[in-house]
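The values are calculated or read from the model by the stated rules, or taken from the named source; none is laboratory data. Since we're looking at a predicted model, the values are computed, not measured. Cβ atoms come from the backbone with ideal geometry, glycine included; neighbour counts cover every protein chain shown. Surface areas here come from the heavy atoms of the whole protein model, side chains and all, with no ligands, DNA or RNA. Shrake-Rupley method; radii C 1.70, N 1.55, O 1.52, S 1.80 Å.
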Amino acid sequence: MSMFERIKAVLNKYLTKDSVTDEHGKYLKKMRLRKISINTLQILILAALIIGWQLAAKYKIVDPFITSYPSQIIKTIYEMSLNGELFKHIWVTVYETLIGFLLGATGGLVIASILWWSDYLSQIFEPFIIVLNALPKMALGPVLIIWLGNGTIAIIGMALLISIIVTIVMVYNGFKETDQNKIKLLRTLGADKFQIFKKVVLPDNLPTIFGALKVNIGLSLVGTIVGEFLVSEAGLGYLIVYGGQVFKLDLVMTSVIILSVLAGLLYYLVAWLEKKIINWEE
Amino acid sequence: MSMFERIKAVLNKYLTKDSVTDEHGKYLKKMRLRKISINTLQILILAALIIGWQLAAKYKIVDPFITSYPSQIIKTIYEMSLNGELFKHIWVTVYETLIGFLLGATGGLVIASILWWSDYLSQIFEPFIIVLNALPKMALGPVLIIWLGNGTIAIIGMALLISIIVTIVMVYNGFKETDQNKIKLLRTLGADKFQIFKKVVLPDNLPTIFGALKVNIGLSLVGTIVGEFLVSEAGLGYLIVYGGQVFKLDLVMTSVIILSVLAGLLYYLVAWLEKKIINWEE
Amino acid sequence: ATEVRLNEVVHSIFYTPQYVALHKGFFKQEGLKVELSTAWGGDKAATALMSDHADIALIGPEPSIYIYQRGADNHPINFAQLTQKAGSFLLAREPMPDFMLEDLRGKKVIGNRPGGAPEMVMEYVLRHNGIEPFEDVQINTSLDFSANAPAFKNGLGDFVQLFEPKASKLEKMGAGYVVASFGELGGKVPYTAYMACKDYIADNPEVIQKFTNAVYRAQKWTYDHSAKEIAEVIKPSFSELEDDILVKVVKRYKGQNTWAHNPILSKSELDYWQDIIMEADELDKKVDYEVIVDTKFAEEAVKNTE
Amino acid sequence: MNKIQFKEVGMKYHTVAEETEALKDLSFSVEENEFVSLVGPSGCGKTTALSLVSGLLSPTSGQVTIDGKRVKGIDEKVGYMLQEDYLFPWRTILDNILIGLEVKDELTAKSRQKARQLLADYGLEGFADYYPTQLSGGMRQRVALARTLIFEPEILLLDEPFSALDYHTKLTLEDEVAQILRNKEKTVVLVTHDIAEAVAMSDRVLVFTERPGSIKEEYKIDLAISGDFSTFKAREAEEFRYYFNSIWEELDVYV
Amino acid sequence: MNKIQFKEVGMKYHTVAEETEALKDLSFSVEENEFVSLVGPSGCGKTTALSLVSGLLSPTSGQVTIDGKRVKGIDEKVGYMLQEDYLFPWRTILDNILIGLEVKDELTAKSRQKARQLLADYGLEGFADYYPTQLSGGMRQRVALARTLIFEPEILLLDEPFSALDYHTKLTLEDEVAQILRNKEKTVVLVTHDIAEAVAMSDRVLVFTERPGSIKEEYKIDLAISGDFSTFKAREAEEFRYYFNSIWEELDVYV
Ligand SMILES: Nc1ncnc2c1ncn2[C@@H]1O[C@H](COP(=O)(O)OP(=O)(O)OP(=O)(O)O)[C@@H](O)[C@H]1O
Ligand SMILES: Nc1ncnc2c1ncn2[C@@H]1O[C@H](COP(=O)(O)OP(=O)(O)OP(=O)(O)O)[C@@H](O)[C@H]1O
Ligand SMILES: O=C([O-])O
Ligand SMILES: [Mg+2]
Ligand SMILES: [Mg+2]
């Protein structure tokens, strides 16, 4: 058997692994080759973006001074990791985001519950909530600083403000649309309103709640960054402002990239929690 | 009949208007009294907020200079209306928002359609879209300005950036989840892929598309304001920044309030359009 | 007319001669159509320049220093100076007619964001008057430019560093009193100047010349007229501002000789400016005057107009 | 003795736009241990009638009594089973059955034991710790039955309990439920659209008029069945066709 | 003559996790103008068999032929009706019926006229410009039938077309459809879980085995009916019970 044939055989074996019949093997091979081609293309696109960026900067097609470039960003990350600066700034942002998120999630849930509880209250506050929801909250930034002072509290306040209304609206709509027959079932069993809430409305809406939390965590991060733009001594938002001030655009780009990664990680944290908690779905 | 009784009779007649039976009349009366009490409370709350704000400012419980106060805001609106300034700034913001919205809606729809069309493409780009979606886009503001300059284009770009990804994700998910049986039905009738798209996927997802547009219009406004914060010569975002620069917080507060009204109006514009177009729903 | 995209760092009375040039038609008379936009930040204005979204920017020279130092090829070159003094003031909560910098010892001052010109100037001035920033005096550098006046009004800090018209407004409200001017304390610095990228200047020398001519005419006009007259001319650019504040602010800036009398940016001034930045730890090595300053147009303008 | 009695019951629903008279002058009674079916056109007020028995609603006029006492609020004696099973996916089968006891705060080792026994009785032994999604439609509806019967209600209300099941499952479950209830001696009111089901399972079938619902016709079902009762045998009985066709014509709905 | 023929047809579905053999060695034929029902346990491949006839899928082994020719892609001769009506709410009733012609670009004044005629035939005159939400379930399913029959397909595939309807509507529609199809002389394959429906409507009932599906048993239905055919009469025929019970036992599914 030639070398080439042997490689082909090994490859074939790998591609048809776990197949139950020959036909299934063919199918698996096709699907796996497709998957491989997709992953390869993804990596190629990513590599093309990174290398393209690097080369464009090197040959001054884009101004490397303004756009920075990958190797420089990696260098910046490396240097800032060494002296612990990077970790400090990331931690500040994560910390503020998580507090804003937790407050927004808890507050949103509590308020949505109250609105569900009292139809009267919910009807009274509906127009106010619609307006608050539509309001571009970051316009309130300067006002918020005045009310909440010039520190972490103002930043967390911004994160909270941006995230809580969405939570209220999403969760309350979910609560309101709980299947009436499920509630009827509990009523026929003699449940009171609180039991209905605890045993049906809340668990039934866990997917909705997690949907809201996934939006919420992203908005909390946005709020934190906006807050840090306005007032801060540390955090990724601070790095972006400072980097801009002194034209360390490497720092700005590095922060933006770390921020994107952070946004993804925080999202997956909530998604992971959801999987842990909603474990009965197929 | 005494005066009092006559008033009572008129009131009663009004409250039971359109009733079909006496019992229905009682029900209507109850519901209308409830509705009246809700509206009254809403107006009272609004009035309490406004008057409380005014009084708190007057008696310096809050700093009138920092928080401004209702009569001052009305005065500002009046003065700025007279010289046409107000209308100019509102128009600039509306204009930029609408352009960003239209581009985001069209672009999002086209991209979602392409992703629906090619499963292969959609699988390749999925991780990139997830990352873009999670990204706190306003952090990119400074970078965006580098690419798009410091004018209207950068502002519209910001609005577009913030709104398009959400549109893509929402619309694509809707397309993907089109009832397979509806598609099967069209296939049995001999339809090709384009016909399936035009005759089922697109109309079936109009509610989803409008759902996305409702989110989109709000985000476009946020994007426009953020853009105007970063770079502008006019618009409500400019007024907020400028008001902050020259320590004219009346201007900031006035702009914030106009902004919330504007946000509400734009939302209802899309909701109204939806009602016009999706006229077959009960 | 040739179109020129001009980007100003902020929209401020501090740059009065520029608005004079605009409203008195000096640019127009030179055959230039100036499109003014506001960047709200020196970094953003310089970025606009670098990314070819503006032809000329009005900023402090420090971005041009940073940019050159960080290795950009087509870096900005300062060709006309507009202000020659720092524009910020120190305010206290009470009038302090006998204020001395020593009074800051142990107190809290609201400053500005690190790396920016106002903060660097304040730190330099304090240090050279025997007060070590962050040791002898607490400085809060966490606030955005838009937030420091409200924060002070709301009770934060004992002193605040502000630009006009905020200083005058606080005074009018009785919430703050100017006790010192960094313009006076800091001496002559090229606080703001017009700059354009190297390539643009090389390609459009006549535009730069015309622009500089107009600026110089405006500087002279401003020098020759009273605060009230100036205020009237620039009013369209500050329509939201009360008239009395506008006049007061113009008077204050004029009074401390804020605006350069001609657009020539001297070597000694730049040297001094670089000292300030170096002390703030944002610059390792001075940049050559000839590299980032070109006085040819300014000199020509002065010569032409005489 | 009359277990349930409707005396000239009227029920009106109100919305802002209109008044809907669901029931009018509805009078009928159900004897102890009787199995009565209600059939009638869609929207004629059958579900409304069940809600009145269970105490979920109160009549606008007339009276509904259980054991001679007027119904006020949810009655402990009544078990209610809906069209779909509404098992909660986040609870195991056992916990689904126990939800009613949990609500009443009567969860004991004994009641758990009873729940397991019921599961075993219904051929669901070993499924106690499964989740609802892991069960077939028929198994799920049997769990719903256990959830209702664990209280040992004297009265059982069934609102189209088999209509969401596929045909096989439906026929089989009808038979099973009929057997279970016959053995337990319960008073049962079944609402159904399926005339064959009504005839096969009941002692009596009440045909409702169009809305506002009242009794249009009443059929005492008497099928000659040899040996043990089963709904399959019932369907084959001589008289089955007769009842079916009479009721069908009585309903005479144009679809 | 054989209109449809399955010759040792095998069909396998693949997913990454497993292979599902839906059909194996399935052989049967349907004669011209014959009405054949397929019954069998859930998941035994009935829908798959219909998809093979319609050309939506191709078999992994064996052959499916129509008029002796192998099926390749969607066949114009075949009309397919699904369990739910899938009327598009954004189209009027008339436009729903015309969607197939629209797809084929055959929209003419004549075809419009024909659509209106079909509506009239099915008792839906005057509903042409209504929207689907304004119609009852039974009316909607009749519109779906019109949408399928407007092409005058030679073969009609029905996949549980009545199972989403309520009992009354279902019985009535069964009869109506049986009448319509008998008059039109079509070859029909009906998939159903309802044995009574299969027996009452068909010339022949094929009982499928568990998955992988193949023919387990075949019943030629021969009911003694006097006068015009109707499914109601069919249900009352002597032999009906016999067929019903035999097929029921043949299926013998535990639910
Ligand atoms: N909460 C309610 N508010 C207003 N109208 C109602 C309400 N509940 C029921 N109705 C109306 O009352 C009438 C009777 O309803 P009900 O549900 O009792 O009928 P049903 O016989 O059970 O119908 P189906 O056979 O469709 O289940 C219907 O016209 C229905 O629309
Ligand atoms: N696209 C598919 N991919 C994978 N498996 C499939 C697919 N379609 C059907 N199957 C499987 O093939 C088998 C037969 O499916 P089919 O739908 O033909 O059964 P059926 O007899 O119509 O069932 P039912 O009575 O529930 O409608 C089932 O096990 C089903 O899960
Ligand atoms: O940087 C300046 O404020 O000019
Ligand atoms: Mg009902
Ligand atoms: Mg099927």
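Conditions tested, residue by residue: (1) within 14 Å of chain C (Cβ to nearest Cβ); (2) assigned to a helix (DSSP H, G or I).
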site: B:Tyr172; (1), (2): no, yes
site: B:Asn216; (1), (2): no, yes
site: B:Ile225; (1), (2): yes, yes
site: B:Ala234; (1), (2): yes, no
site: B:Asn279; (1), (2): no, no
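Taking the criterion of being within 24 Å of E:Phe6 (Cβ to Cβ), touching a Ser or Thr at 6+ places or on another chain (Cβ under 7 Å) and either in contact (Cβ under 8 Å) with a residue 60 or more places away in the chain or assigned to a loop (DSSP other than H, G, I, E, B) (or both), would at least one residue in segment E:116-130 satisfy it? Scanning segment E:116-130 turns up no residue that is within 24 Å of E:Phe6 (Cβ to Cβ), touching a Ser or Thr at 6+ places or on another chain (Cβ under 7 Å) and either in contact (Cβ under 8 Å) with a residue 60 or more places away in the chain or assigned to a loop (DSSP other than H, G, I, E, B) (or both).
Going by what's in this entry, would E:Ile225 be described as open to solvent by 10 Å² or more (accessible area, probe 1.4 Å), aliphatic (A, V, I, L, M), under 28 Å from E:Lys77 (Cβ atoms) and not assigned by the TED database to the domain that holds E:Thr148? Against the criterion (open to solvent by 10 Å² or more (accessible area, probe 1.4 Å), aliphatic (A, V, I, L, M), under 28 Å from E:Lys77 (Cβ atoms) and not assigned by the TED database to the domain that holds E:Thr148), E:Ile225 does not qualify. Does at least one position in segment B:222-241 carry a residue that is more than 20 Å from A:Val131 (Cβ to Cβ), in contact with a Ser or Thr (Cβ under 9 Å, 6 or more places away or on another chain), open to solvent by 20 Å² or more (accessible area, probe 1.4 Å) and free of Cβ contacts under 8 Å to residues at least 24 places away in the same chain? Within segment B:222-241, one or more residues are more than 20 Å from A:Val131 (Cβ to Cβ), in contact with a Ser or Thr (Cβ under 9 Å, 6 or more places away or on another chain), open to solvent by 20 Å² or more (accessible area, probe 1.4 Å) and free of Cβ contacts under 8 Å to residues at least 24 places away in the same chain. So which of C:Ala21, C:Ala54, C:Ala48 is open to solvent by less than 10 Å² (accessible area, probe 1.4 Å), in contact with a helix residue (DSSP H, G or I) (Cβ under 6 Å, 6 or more places away or on another chain) and at the interface with another protein chain (Cβ under 7 Å from one of its Cβ atoms)? Step by step, each of C:Ala21, C:Ala54, C:Ala48 is checked, and only C:Ala54 is open to solvent by less than 10 Å² (accessible area, probe 1.4 Å), in contact with a helix residue (DSSP H, G or I) (Cβ under 6 Å, 6 or more places away or on another chain) and at the interface with another protein chain (Cβ under 7 Å from one of its Cβ atoms). Quick one: is E:Thr209 over 15 Å from the mean Cα position of the chain (by Cα), within 16 Å of ligand 5 (Cβ to nearest atom) and at pLDDT 90 or above? Yes, satisfied. No other residue among A:Gly190, A:Gly211, A:Gly157 is assigned by the TED database to the domain that holds A:Glu274, at pLDDT 90 or above and at positive phi apart from A:Gly190. Among the residues of segment B:18-47, just one is of a type in the set (Gly, Ala, Ser) and within 26 Å of the chain's Cα centre (by Cα), namely B:Ala47. Within segment B:76-85, being more than 11 Å from chain C (Cβ to nearest Cβ) and touching a helix residue (DSSP H, G or I) at 6+ places or on another chain (Cβ under 8 Å) holds for B:Ile77, B:Ser81.
Scan segment A:253-269 and tell me whether some residue there is more than 9 Å from every other protein chain (Cβ to nearest Cβ), part of a helix (DSSP H, G or I) and in contact with a Phe, Trp or Tyr (Cβ under 7 Å, 6 or more places away or on another chain). No - not one qualifying residue is present in segment A:253-269. Checked against the criterion of being within 16 Å of ligand 2 (Cβ to nearest atom) and open to solvent by less than 20 Å² (accessible area, probe 1.4 Å), segment E:66-75 contains not a single residue that satisfies it. In summary, E:Ile215 fulfils each of the numbered conditions (1) buried (at least 19 other Cβ atoms within 10 Å of the Cβ); (2) touching a Ser or Thr at 6+ places or on another chain (Cβ under 8 Å); (3) of a type in the set (A, V, I, L, M, F, W, C) with the single exception of condition (1). Here C:Ala193 meets the list (1) assigned to a loop (DSSP other than H, G, I, E, B); (2) touching a Pro at 6+ places or on another chain (Cβ under 7 Å) almost entirely, failing just condition (1).
Return a yes/no flag: does segment E:106-117 have any residue that is away from chain D (no Cβ under 14 Å), among the basic types (Lys, Arg) and under 19 Å from E:Pro41 (Cα atoms).
No; the residues of segment E:106-117 include none that is away from chain D (no Cβ under 14 Å), among the basic types (Lys, Arg) and under 19 Å from E:Pro41 (Cα atoms).
For first residues located in segment C:182-210 and within 14 Å of C:Asp55 (Cβ to Cβ), partners that are open to solvent by 10 Å² or more (accessible area, probe 1.4 Å) and polar (S, T, N, Q) and lie 6+ apart or on another chain with Cβ distances below 7 Å form the pairs C:Cys197/C:Asn74; C:Lys198/C:Asn74; C:Asp199/C:Asn74; C:Val207/C:Thr2. Candidates are the residues of segment E:49-60 that are away from every other protein chain (no Cβ under 12 Å) and out of contact with any Leu (no Cβ under 6 Å at 6 or more places or on another chain); the one that is nearest to ligand 4 (Cβ to nearest atom) is E:Ala49. When the strands (runs of 3 or more DSSP E) confined to segment C:79-163 are screened for residues that are open to solvent by 10 Å² or more (accessible area, probe 1.4 Å) and more than 14 Å from every other protein chain (Cβ to nearest Cβ), none reaches at least 2 such residues. Checking each residue in segment C:57-73 for being touching an Asp or Glu at 6+ places or on another chain (Cβ under 9 Å) and within 14 Å of chain B (Cβ to nearest Cβ) picks out C:Ala57, C:Leu58, C:Ile59, C:Pro63, C:Ala72. Could you tell me which residue of segment D:162-201 is farthest from ligand 1 (Cβ to nearest atom), considering only residues that are among the hydroxyl-bearing types (Ser, Thr, Tyr) and either over 16 Å from D:Leu38 (Cβ atoms) or open to solvent by 10 Å² or more (accessible area, probe 1.4 Å) (or both)? By that ranking, first place goes to D:Thr172.
Residues checked against (1) at pLDDT 95 or above; (2) under 30 Å from E:Pro132 (Cα atoms):
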{"position": "E:Val9", "(1), (2)": "yes, no"}
{"position": "E:Glu18", "(1), (2)": "no, no"}
{"position": "E:Ser27", "(1), (2)": "yes, no"}
{"position": "E:Leu50", "(1), (2)": "yes, yes"}
{"position": "E:Val53", "(1), (2)": "yes, yes"}
{"position": "E:Pro59", "(1), (2)": "yes, no"}
{"position": "E:Asp75", "(1), (2)": "no, yes"}
{"position": "E:Met81", "(1), (2)": "no, yes"}
{"position": "E:Asp85", "(1), (2)": "no, yes"}
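Just one of the listed residues (E:Leu158, E:Leu119, E:Leu135) is over 28 Å from E:Ile247 (Cβ atoms) and open to solvent by less than 10 Å² (accessible area, probe 1.4 Å), and it is E:Leu119. Given the condition more than 16 Å from ligand 1 (Cβ to nearest atom), part of a strand (DSSP E or B) and more than 12 Å from every other protein chain (Cβ to nearest Cβ), answer yes or no: does some residue in segment D:225-240 qualify? Taking every residue of segment D:225-240 in turn, none turns out to be more than 16 Å from ligand 1 (Cβ to nearest atom), part of a strand (DSSP E or B) and more than 12 Å from every other protein chain (Cβ to nearest Cβ). Tallying residues that are of a type in the set (Val, Ile, Thr) and under 20 Å from the mean Cα position of the chain (by Cα) within segment E:81-118 yields 2. When C:Thr16 is tested against the conditions (1) in a strand (DSSP E or B); (2) away from every other protein chain (no Cβ under 13 Å); (3) under 19 Å from B:Gly243 (Cα atoms), the lone failure is (1). When the residues of segment B:145-170 are filtered to those that are closer than 11 Å to C:His53 by Cα and assigned to a helix (DSSP H, G or I), the one that is nearest to the other protein chains (Cβ to nearest Cβ) is B:Ile146.
Restricting the search to helices (runs of 4 or more DSSP H) fully inside segment A:41-136 and requiring at least 2 residues that are without any contact (Cβ under 8 Å) to a residue 40 or more places away in the chain gives A:70-82, A:85-117, A:119-134. Can we say B:Lys198 is within 21 Å of the chain's Cα centre (by Cα) and either open to solvent by 30 Å² or more (accessible area, probe 1.4 Å) or under 30 Å from C:Leu170 (Cα atoms) (or both)? Spelling it out, it is not the case that B:Lys198 is within 21 Å of the chain's Cα centre (by Cα) and either open to solvent by 30 Å² or more (accessible area, probe 1.4 Å) or under 30 Å from C:Leu170 (Cα atoms) (or both).
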